[in-house]
Amino acid sequence: MIKKAIIPVAGLASRFLPASKVIPKTMFPIIDKPIIQFLVEEAVEAGIEEIAIILSPRQDIVKNHFKEDEFLEQELRSRGKTLEAETVHSTTHLAKIHFFTQEHPLGDGHALLQAESFLDENEACLVLFGDELIGTSHERNASAQLIKYYNDVQTPIIGVHEVSEEEVHRYGIVGLNEETEINSLVEKPSPGDAPSNLAIIGKYIINSEVLRCIKESSSGTTDKELRLIDGLKTYLESKNIHALTLDGQRFDTGNKLGLIKANIYFGLKDKDITDSLKNFLRTVEK
Ligand code: G1P
């Protein structure tokens, strides 16, 4: 059973400057909840009990978000705001959260390696990149879909989504053997070189051996970064990896449009504002 998740969020978020100068992008709200809490809740809903969050040294505010805040809770209770006090309280009890620091931004693979000690030998875990949210009306959220599939195939899994030909150059693209068995991984190909239009969207099941493969792999670039996709390529040389097309509406909150779309999508699901938001959207259409 998969009970652990790793969420690397250490990034510069340069697309969101100046907003991201002090506030890490993962703390940006979708309506009233930071992105990182969406990811933690998605994992917990899928059965995850322990989560490793990888931060840069400037992101301590994320730790504070998941820490008790007795003063705030007390203050809210004394004003009769019980529900709000419960909301604050519940952020500290979502899961057992461990924090790891990535001292230097040396790639997503390097970030994951900071949490190497979090996994036991041969243990598999969920990996959720900090930018990707998937809204789903499916009975299972994206993480639960990955875990269910893992239980069937018992290999690492890469969550994918279909993208248009013009978009393949922005993603890692998987090539498939049979229905879901991966036979090639190409990072950010030009349209002519893409083995398919199935894009890697930052949700994976990996294991401790994939982490070892990240260490062994050289990125093929001169920037000395370590990347998860290179570890997966090395792993694929001798073992199987499957792809799973994730069901749901995908939001890349790592870009401005994606963040706005996610706010509209989740805003329309928020009963306090859905009607007013619909009315507003009708007026801006004109
Ligand atoms: C990384 C991965 C890429 C994947 C993408 C998803 O790229 O290397 O394979 O498609 O995340 O968000 P990055 O966006 O960090 O350049």
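Of note:
- Selected residue [closer than 23 Å to Glu216 by Cα, within 16 Å of the ligand (Cβ to nearest atom) and surrounded by 13 or more Cβ atoms within 10 Å (Cβ to Cβ)] from Leu146, Leu185: Leu185
- Subset of the stretch 94-109 (residues that are within 19 Å of Tyr235 (Cβ to Cβ) and either in contact with a helix residue (DSSP H, G or I) (Cβ under 6 Å, 6 or more places away or on another chain) or open to solvent by 40 Å² or more (accessible area, probe 1.4 Å) (or both)): Asp108, Gly109
- Pairs with Cβ under 6 Å, 6+ apart, first in the stretch 194-215 and free of Cβ contacts under 8 Å to residues at least 60 places away in the same chain, second away from the ligand (no atom under 12 Å from the Cβ) and assigned to a loop (DSSP other than H, G, I, E, B): Val210/Pro156
- Within the stretch 241-274, considering residues that are assigned to a strand (DSSP E or B) and either within 15 Å of the chain's Cα centre (by Cα) or surrounded by 17 or more Cβ atoms within 10 Å (Cβ to Cβ) (or both), the one nearest to the ligand (Cβ to nearest atom): Asp252
- Filter result for Glu178 (out of contact with any helix residue (DSSP H, G or I) (no Cβ under 9 Å at 6 or more places or on another chain) and either part of a loop (DSSP other than H, G, I, E, B) or small (Gly, Ala, Ser) (or both)): yes
- Single residue of Ser218, Ser238 found to be of a type outside the set (Phe, Trp, Tyr), more than 12 Å from the ligand (Cβ to nearest atom), surrounded by fewer than 18 Cβ atoms within 10 Å (Cβ to Cβ) and modelled with pLDDT of 95 or more: Ser238
- Some residue of the stretch 23-37 being open to solvent by less than 70 Å² (accessible area, probe 1.4 Å), closer than 20 Å to Asn141 by Cβ, of a type in the set (A, V, I, L, M, F, W, C) and part of a helix (DSSP H, G or I): yes
The values are calculated or read from the model by the stated rules, or taken from the named source; none is laboratory data. Treat the numbers as computed from the prediction; the structure is a model and nothing was measured. Cβ: placed from backbone, ideal geometry, glycine included. Neighbour counts: every protein chain shown. To get the accessible areas, we keep the full protein, side chains included, count just its heavy atoms, and leave off ligands, DNA and RNA. Shrake-Rupley method; radii C 1.70, N 1.55, O 1.52, S 1.80 Å.
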